[in-house]
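J.: Shown below is the structure under consideration.
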Amino acid sequence: MPDVRLRDITTDEDRAVALELRVAPSQEAFVSGVAESFDDALRYPAARARYWSVHDGDEMVGFTMISDGIPEDVLEADPTLLGPFYLWRLLIDQRHQRRGYGTATLDAVVEYVRSRGAAALLTSYTTGEGSPGPFYERYGFVPTGDIVEDEVVLLLDLARS
Ligand SMILES: CC(C)(COP(=O)(O)OP(=O)(O)OC[C@H]1O[C@@H](n2cnc3c(N)ncnc32)[C@H](O)[C@@H]1OP(=O)(O)O)[C@@H](O)C(=O)NCCC(=O)NCCS
């Protein structure tokens, strides 16, 4: 299992480097890219985005973004916000996939949200050939039964995993 580190993206240079990350063309239907993630983080302040680039040593291998502890009153006011801690984006560059980086990134995100007091981590995905559904379920995420904006909602119970 590779050892990955989540690194805050704070400078324009960090941003420019992260924008070079690419998934395979066939995967683009399943995830928005880094540029759209930066836009979304600004456009939806209520969602409390926090994002990082993912590194193995000096090599940048991916990007992830979460909702980092949305307060209860904000959640109640907006039904599109699924829960306080939500895995909003996860992508591993196509050159680095299937080497355990996605799983190691989930481990790092879980460690972070646990440190923030999360009891669960939610995510959602678009179905179709090559979707990340099996990846998430293999990790321990379980479908909640909800479909929101055509996406299957999954929950990782942090008390159990
Ligand atoms: C999904 C994703 C993050 C997985 O990252 P990864 O580094 O390739 O994952 P890992 O190497 O840790 O994979 C662990 C296991 O998950 C499963 N898996 C990974 N990607 C999968 C996929 N696309 N479909 C089905 N199973 C998958 C495999 O069983 C794999 O084990 P194996 O290599 O022994 O077969 C990566 O494929 C990706 O960035 N996809 C495009 C973007 C995307 O869909 N992100 C999720 C948006 S909600």
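J.: Would you please give the residues with an amide H less than 5 Å from that of THR144, counting only those at least 5 places away or on a separate chain, with H modeled from the backbone geometry?
T.: Correct list: VAL153, LEU154, LEU155.
J.: Can you compute 3J(HN,Hα) from phi for each residue in region 84-99, using the Karplus curve 6.51 cos²θ - 1.76 cosθ + 1.60 with θ = phi - 60°, rounded to whole Hz and x for Gly and Pro?
T.: So the Karplus estimates, Gly and Pro as x, are x, 10, 9, 7, 8, 9, 8, 9, 10, 3, 4, 6, 10, 6, 6, 10 Hz.
J.: Further, regarding this structure: Determine by what factor the alpha-carbon radius of gyration of region 82-161 differs from 2.2 N^0.38 Å, reporting the quotient. Let's see the in-between values first.
T.: Values: Rg = 12.4 Å, N = 80, 2.2 N^0.38 = 11.6 Å.
Relative to the rule-of-thumb radius for its length, region 82-161 sits at 1.07.
J.: Using Cα-only point scatterers and the Debye equation, what is log10 of I(q)/I(0) for the chain at each q in 0.09, 0.20 Å⁻¹, rounded to two decimals?
T.: Relative scattering, expressed as log10 I(q)/I(0), comes to -0.27, -1.54.
J.: Return the long-range amide H neighbours of VAL4 (sequence gap of 5 or more, or a different chain), with a cut-off of under 5 Å between placed amide H atoms.
T.: none
J.: Further question on the same structure: Which far-off residues, 5 or more places away or on another chain, put their amide H under 5 Å from the one on VAL61, with H placed in the peptide plane?
T.: Result for VAL61 returns VAL54, HIS55, ASP56.
J.: Over the chain, with a Gaussian network built from C-alpha contacts below 10 Å, which listed residue (ILE66, ILE92, ILE147) shows the highest mean-square fluctuation?
T.: Of the options given, ILE147 has the highest mean-square fluctuation.
J.: Where nothing but the Cβ of Lys and Arg (+1) and of Asp and Glu (-1) is charged, how large is the charge dipole of region 5-157 around its Cα centre, in debye to the nearest 20? Intermediate values should be presented prior to the final figure.
T.: Details: 14 positive and 27 negative charges, 95 e Å.
Taking the Cα centre of region 5-157 as origin, the dipole is about 460 debye.
J.: Now, a different point. Loop by DSSP (not H, G, I, E, B), at most 12 other beta-carbon atoms within 10 Å: where is the longest site-free stretch of the chain for GluC sites (Glu not before Pro)?
T.: Within the chain, the longest run free of exposed GluC sites (Glu not before Pro) spans 29-128.
J.: Considering only the chain, what is the antiparallel percent among its DSSP beta bridges, to the nearest 5?
T.: On the way: 30 of 31 bridges.
Just about 95 percent of them are antiparallel.
The numbers here are math on the coordinates, done by the rules we state, and not lab data. Source: prediction; values computed, not measured. As a convention, Cβ positions derive from the backbone with ideal geometry for all residues, glycine included, and neighbour counts pool all protein chains shown.
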